[in-house]
Amino acid sequence: MTTFDDRERAFETKYARDQEMQFRVTARRNRLLGGWAARLMGLTEAEAENYAKDVIRADFEEAGDEDVIRKLLGDLISAGVDIDEARIREALEHRSVEARRQLMQSEG
């Protein structure tokens, strides 16, 4: 095995780990975001947990964050919450930082 092969394998392994971490951060972010939205809508703890799972599932509709933002905006407006897309995007950014922090702490 050559040095080039070793480096290529190491790069592929790192890429796979980075992709897995990004997936986990996004899922955690969406769970946190769903909890935030559930509190704004006044949902019970059980309803909030189910709603957070719905937000995670919504992210699989299309690439990027637009599907999640669209879901949250529609649900919050339907629930009578005075909110706009900019506030949701701000919450999304804050939850992204929090999700990354939580995962890094859990990995030690």
- [ ] With the checklist (1) surrounded by 16 or more Cβ atoms within 10 Å (Cβ to Cβ); (2) in contact with an Asp or Glu (Cβ under 9 Å, 6 or more places away or on another chain) in hand, flag the one item Trp36 doesn't pass.
- [x] (2)
Open item on the list: Which count do you get for residues in segment 63-78 that are within 16 Å of Glu90 (Cα to Cα) and surrounded by 15 or more Cβ atoms within 10 Å (Cβ to Cβ)?
Closed with: 9
Open item on the list: Residue under question is Ala99, and the condition is that it be among the small types (Gly, Ala, Ser), out of contact with any Asp or Glu (no Cβ under 7 Å at 6 or more places or on another chain) and in a helix (DSSP H, G or I); does it hold?
Closed with: yes
- [ ] For Ser96, indicate whether it is among the small types (Gly, Ala, Ser) and either under 12 Å from Leu32 (Cα atoms) or modelled with pLDDT under 95 (or both).
- [x] yes
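The values are calculated or read from the model by the stated rules, or taken from the named source; none is laboratory data. Fair warning: this is a prediction, and the values are worked out from it, not measured in the lab. Here Cβ is always computed from backbone atoms with ideal geometry, including for glycine, and neighbour counts include all displayed protein chains.
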